[in-house]
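Below you'll find the structure, written out as structure tokens, and then a few comments.
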Amino acid sequence: MKSKVTLVLTNIIMLALGVVLVAFSGDERMAEMIAIALGVLFLAPSLFSLIMLFFVNVAPDDSRYNPRYNLLPVIGGLSFGVVIVLKAALFVPLLKYLFAVLLIVGGLYYVFYLAFARYRVIVPSWYYVLPCAVTVSGLVALVLPISSQTIVFVTTGISLMALVLMSVLL
């Protein structure tokens, strides 16, 4: 049951992100807002972990857990998140590569998933069309010198919606 809820939640988030990317692709501040959101995504778990480090009760002679070992990744996540939030314009050119890798990994995931499912059930060949198209769009976005953020956002949004469609079909 947990995996079903996780799958539905993942599909809802991917669909919402795809719709937002397509709907607001013409806005010139969209790339900066995405970079700031990524910075917040680094800040939130780091802050939560930092707060939890202060409230963990560990016996002084317990060698299984030492909170000092967790402090370094927390500080790294906090500082990276703060830098991304404060200097979002610096990370905007990297969004193209982040989205391209996201599309490649997402498309390849479904290709491998279908290949694995082929051992148990009959999978029609046309099921491979959307994942292959998403993977190819990610490769094209990665290789070609696309300077327009609008093209990257629209391609990523449409591809994310295609991945949700593929997940629903399976």
Student exercise, the chain dipole from Lys, Arg, Asp, Glu Cβ charges, in Debye to nearest 20: 400 debye
field: segment 26-35 - phi-based ³J(HN,Hα) in whole Hz, Karplus 6.51/-1.76/1.60, Gly and Pro as x
entry: x, 6, 6, 8, 4, 5, 5, 5, 5, 5
query: Any idea how far apart Ala44 and Leu144 come out in nm if each label point goes 7 Å out from Cα toward Cβ?
result: 3.3 nm
- prompt: Pick from Phe99, Phe116, Phe80: which residue has the top mean-square fluctuation in a GNM of the chain where Cα pairs under 10 Å get a spring?
  reply: Phe116
message: Using a 7 Å offset from the Cα along the Cα-to-Cβ direction at both Val105 and Ala89, what is the distance between the two label points in nm, to one decimal?
response: 2.9 nm
task: For the chain, set up a Gaussian network in which alpha carbons nearer than 10 Å are linked by springs, and say which option among Ala35, Ala115, Ala88 fluctuates the most.
output: Ala115
message: What number does segment 41-170 give for Rg over Rh if you use C-alpha atoms and the Kirkwood radius?
response: 1.16
- prompt: Using Cα pairs under 8 angstrom and six or more residues apart, how large is the relative contact order of segment 67-170, in percent?
  reply: 31 percent
task: Order the following by accessible area, largest value first: Arg29, Arg120. Probe radius 1.4 Å; ligands, DNA and RNA are ignored.
output: Arg120, Arg29
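The values are calculated or read from the model by the stated rules, or taken from the named source; none is laboratory data. Since the structure is predicted, the reported quantities are computational estimates derived from the model, not experimental observations. Positions of Cβ are generated from backbone atoms using ideal geometry, with glycine treated the same way; all protein chains shown enter the neighbour counts. For the accessible areas, the whole protein counts, side chains as well, though only heavy atoms, and no ligand, DNA or RNA atoms are used. Shrake-Rupley method; radii C 1.70, N 1.55, O 1.52, S 1.80 Å.
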